[in-house]
1. Taking residue B:43 as the residue in question, decide whether it is of a type in the set (A, V, I, L, M, F, W, C), within 22 Å of residue B:87 (Cα to Cα), at pLDDT 95 or above and out of contact with any helix residue (DSSP H, G or I) (no Cβ under 7 Å at 6 or more places or on another chain).
2. Can you pull out every residue in the stretch B:77-126 that is among the aliphatic types (A, V, I, L, M), at the interface with chain A (Cβ under 7 Å from one of its Cβ atoms) and within 21 Å of residue A:89 (Cβ to Cβ)?
3. Could you tell me which residue of the stretch B:102-118 is farthest from ligand 4 (Cβ to nearest atom), considering only residues that are of a type in the set (A, V, I, L, M, F, W, C) and surrounded by 20 or more Cβ atoms within 10 Å (Cβ to Cβ)?
4. Being more than 16 Å from residue B:87 (Cβ to Cβ), among the small types (Gly, Ala, Ser) and either within 12 Å of ligand 3 (Cβ to nearest atom) or away from chain A (no Cβ under 14 Å) (or both), is that true of even one residue in the stretch B:11-22?
5. For the stretch A:82-126, which positions are of a type in the set (Ser, Thr, Tyr) and either more than 19 Å from residue B:108 (Cα to Cα) or in a strand (DSSP E or B) (or both)?
6. Does residue B:18 satisfy the criteria of being farther than 27 Å from residue B:97 by Cα, at pLDDT 95 or above and within 16 Å of ligand 4 (Cβ to nearest atom)?
7. What pairs can you find where one residue is in the stretch B:106-124 and within 16 Å of DNA strand C (Cβ to nearest atom), the other is in a strand (DSSP E or B) and modelled with pLDDT of 95 or more, and their Cβ atoms are less than 6 Å apart, with a gap of 6+ or different chains?
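The values are calculated or read from the model by the stated rules, or taken from the named source; none is laboratory data. Predicted model only: the values in this text are computed from it and were never measured. Counting neighbours? That spans all protein chains shown, and the Cβs are built from the backbone with ideal geometry, glycine included.
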Number of protein chains: 2
Amino acid sequence: MTPNETLVYNLLRQTDTPLSAYSILDALRDQGVRAPLQVYRALNKLIERGAVHRIESINGFVACSLTNCGERAVSIFMLCTKCERAAEFTDPAIDQKIDALANARLFAADHKVIEMTGLCASCRDS
Amino acid sequence: MTPNETLVYNLLRQTDTPLSAYSILDALRDQGVRAPLQVYRALNKLIERGAVHRIESINGFVACSLTNCGERAVSIFMLCTKCERAAEFTDPAIDQKIDALANARLFAADHKVIEMTGLCASCRDS
DNA sequence: CCGCCATTGTTATTTTATAACATAATCGGA
DNA sequence: TCCGATTATGTTATAAAATAACAATGGCGG
Ligand SMILES: [Zn+2]
Ligand SMILES: [Zn+2]
Ligand SMILES: [Zn+2]
Ligand SMILES: [Zn+2]
């Protein structure tokens, strides 16, 4: 892991809310990260190796909170619109059903995304 | 449906590849649409009523190809990276399993996204 | 006719991501 | 050791996507 990747990864692991690339940049500016590309390059490498996930629906990035999240099964994210926390899960049964749907259509999937937005358990009653 | 919404919706129905808001703008410029906001406003209204879907992973928009796609079940998109076509499906069993996962976590979902990228049936052999 | 409200139009700005190019560090073989 | 290739970095500029702020229009009910 290169220095820039380490900086980005350690920052992401400290939070359970997705960060935008530019907020990562701001947070790391005093540690030598000065340009968006430095952040995006680090993020892309981290994503490639499964250490970080991109949250498509909010243009954010989170560290993977599961072990061995590599391409085994799709990650399912629950994104709270109030506290902004992201919770990551996998569900082999759902994954298998999605694969079956793709196979039935002869679609060769190389990346799968499942995201939900709504209110988390602690935000829904308050 | 307002004039701008009609323009955007009719354009989206003519294609099976997702369009970006700015390519919609370009296509409708000679019909009086001049600013991004006119497109985004129309898109938001169309999305609200389920006539159009946003494809999160590519910042694109497609007309719904199913009947009564309203909030009943989640839409599942297969996005070909070669021909760029988007195919939309629903699968009640998958939808039910995702709801069960959310319920088990006490998460109140108001929007669900499932997207796959890869090669479609016709592009994978060629 | 008048006030209300939804729709539209316009300019400017913010946010997100990449292009293009230059530089430095690393590493393996001649 | 020297060289060439690859990999990582840094920098500036630009493209792409989305929204803010504000003004003007156009029905429509009273
Ligand atoms: Zn993960
Ligand atoms: Zn919450
Ligand atoms: Zn649909
Ligand atoms: Zn295809």
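1. Criteria not met by residue B:43.
2. B:93, B:94, B:98, B:101, B:102, B:106, B:108, B:109, B:113, B:114, B:116
3. First, the residues of the stretch B:102-118 that are of a type in the set (A, V, I, L, M, F, W, C): B:102, B:104, B:106-109, B:113-114, B:116.
Next, from what is left, pick out any that are surrounded by 20 or more Cβ atoms within 10 Å (Cβ to Cβ): B:107, B:113-114, B:116.
On the way: B:107: 34, B:113: 21, B:114: 19, B:116: 12 Å.
Ranking the qualifying residues of the stretch B:102-118, first place goes to B:107.
4. Yes: one or more hits.
5. Filtering the stretch A:82-126 for residues of a type in the set (Ser, Thr, Tyr) gives A:90, A:117, A:122, A:126.
Result: A:117, single match.
6. The answer is yes for residue B:18.
7. Cβ pairs passing all conditions: B:113/A:115; B:115/A:113; B:115/B:77; B:117/B:79.
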